[in-house]
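Written out below as structure tokens is the structure these notes cover.
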């Protein structure tokens, strides 16, 4: 027969056991909930990162594809590289003297050099995308219409310029940019005795035309660094095209055909 004391304690022991079971169940439920929350948060962050990377990749590939072909810059008025500001008086004078072809040739050779350099940027864009952090991705998702493009500018701008400059310099030689440049300046500035005018007469006439148009002297005091100018304008064109693609994806993610982009930017 059980001791009387045990009989009295049995109900208390049973209650304690039930209470412990309830505590253990609550702890397990809380732990499971935390795990589920953490898992859900990690999944959301992973989706954001994947979506941003895919959007950036689409923008970069499109820009490189469109601009890295023959006529990519020249035939696109949005990114076509114009004459440097310092040469506009020269160009105006040359056109007035019948030398428009010199202006056109120079513009064409600059844009050709830019297009030849663009394919080199593809690997840099790819590397920049692959090293993107979760924090960067979240900032881009919640940022403005060109947050992804701005990320490229900040993270890869210097590398891109360094990568394209050797190619631009080589393209400048192949495309005879400097030859066209000197021909243009020579025609408007007096080294080309076209149309039977003496050198001094050419200089005087070119300067008079430019001054009459309110442009100052036709011959600039110092040559602009053509290589640097083309390099900067090449990057401007690339970033412009990427920004346009980004804005399109943000405004209409369904058109991307990508479920992850729709998920991230369709919210």
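The values are calculated or read from the model by the stated rules, or taken from the named source; none is laboratory data. Since the model is a prediction, treat every value here as computed from it, not as a measurement. With ideal geometry, Cβ positions are generated from the backbone for all residues, glycine too; neighbour counts draw on all protein chains shown.
Things worth noting here:
- Every residue from region 74-90 that is surrounded by 19 or more Cβ atoms within 10 Å (Cβ to Cβ) and within 15 Å of the chain's Cα centre (by Cα): 79
- Lone unmet requirement of (1) in contact with a helix residue (DSSP H, G or I) (Cβ under 6 Å, 6 or more places away or on another chain); (2) at pLDDT 90 or above; (3) under 19 Å from residue 246 (Cβ atoms) for residue 141: (2)
- Any chance residue 242 is crowded, with 19+ Cβ neighbours inside 10 Å, over 16 Å from the mean Cα position of the chain (by Cα) and either modelled with pLDDT of 85 or more or closer than 30 Å to residue 85 by Cα (or both): no
- Qualifying residue in region 178-188 (condition: surrounded by fewer than 16 Cβ atoms within 10 Å (Cβ to Cβ), part of a helix (DSSP H, G or I) and modelled with pLDDT of 85 or more): no
- Once region 81-99 is narrowed to residues that are part of a loop (DSSP other than H, G, I, E, B) and touching a helix residue (DSSP H, G or I) at 6+ places or on another chain (Cβ under 6 Å), the residue that is nearest to residue 233 (Cα to Cα) is 81.
- Long-range neighbours under 8 Å by Cβ, at least six apart or interchain, first residue without any contact (Cβ under 8 Å) to a residue 60 or more places away in the chain within region 237-254, second assigned to a helix (DSSP H, G or I) and surrounded by 20 or more Cβ atoms within 10 Å (Cβ to Cβ): 253/261; 253/264; 253/265
- Positions within region 138-169 being more than 15 Å from residue 121 (Cβ to Cβ), assigned to a helix (DSSP H, G or I) and more than 14 Å from the chain's Cα centre (by Cα), in sequence order: 138, 139, 141, 169
- If the condition is being surrounded by fewer than 22 Cβ atoms within 10 Å (Cβ to Cβ) and at pLDDT below 90, then region 105-119 contributes only 105.
- Of all positions in region 52-69, at least one carries a residue that is farther than 30 Å from residue 137 by Cβ, surrounded by 10 or more Cβ atoms within 10 Å (Cβ to Cβ) and modelled with pLDDT of 85 or more.
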